[in-house]
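To start, the structure under review is shown below, and the notes come after it.
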Amino acid sequence: MSLPGFPDAMPIEGLLGGLLIGLAGAIMLLGLGRIAGVSGLAARSVGIAGSSKARALAIASSLGCLRAHG
């Protein structure tokens, strides 16, 4: 499926990616009681956040963001 004026757009893949991101946020909210924010994850992973709770999760999420980017 292509959109007029946007030959490289992939709306179905974008929708599926957005659903996966939303599902991951919902799982984290239900499991830990908070939403993942990149700045909070980065602060927890380097140890400058107020609590060291779930530091391993923050490190894994930060590494995943870096891996997905490059």
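What residue, among those in region 29-52 that are part of a loop (DSSP other than H, G, I, E, B), under 12 Å from the mean Cα position of the chain (by Cα) and not β-branched (Val, Ile, Thr), is modelled with the lowest pLDDT?
Residues of region 29-52 part of a loop (DSSP other than H, G, I, E, B): 33-37, 47-52.
Imposing the further condition that a residue be under 12 Å from the mean Cα position of the chain (by Cα) reduces the set to 35-37.
This time we only want the ones that are not β-branched (Val, Ile, Thr), so: 36-37.
Working: Ala36: 67, Gly37: 75.
The residue in question is Ala36.
If you go through region 4-14 one residue at a time, do you hit one that is surrounded by 12 or more Cβ atoms within 10 Å (Cβ to Cβ) and either at pLDDT 80 or above or not aromatic (Phe, Trp, Tyr) (or both)?
Yes: one or more hits.
Determine the pairs where a residue that is surrounded by 10 or more Cβ atoms within 10 Å (Cβ to Cβ), located within region 15-37, has a partner that is assigned to a helix (DSSP H, G or I) and not hydroxyl-bearing (Ser, Thr, Tyr) with Cβ atoms under 6 Å apart, the partner being 6 or more residues away or on another chain.
Ile35/Gly25; Ile35/Leu29; Ala36/Met28
The values are calculated or read from the model by the stated rules, or taken from the named source; none is laboratory data. All of these numbers come straight from a predicted model, not from anything done at the bench. Glycine also receives a Cβ, built like all others from the backbone with ideal geometry; neighbour counts cover every protein chain displayed.
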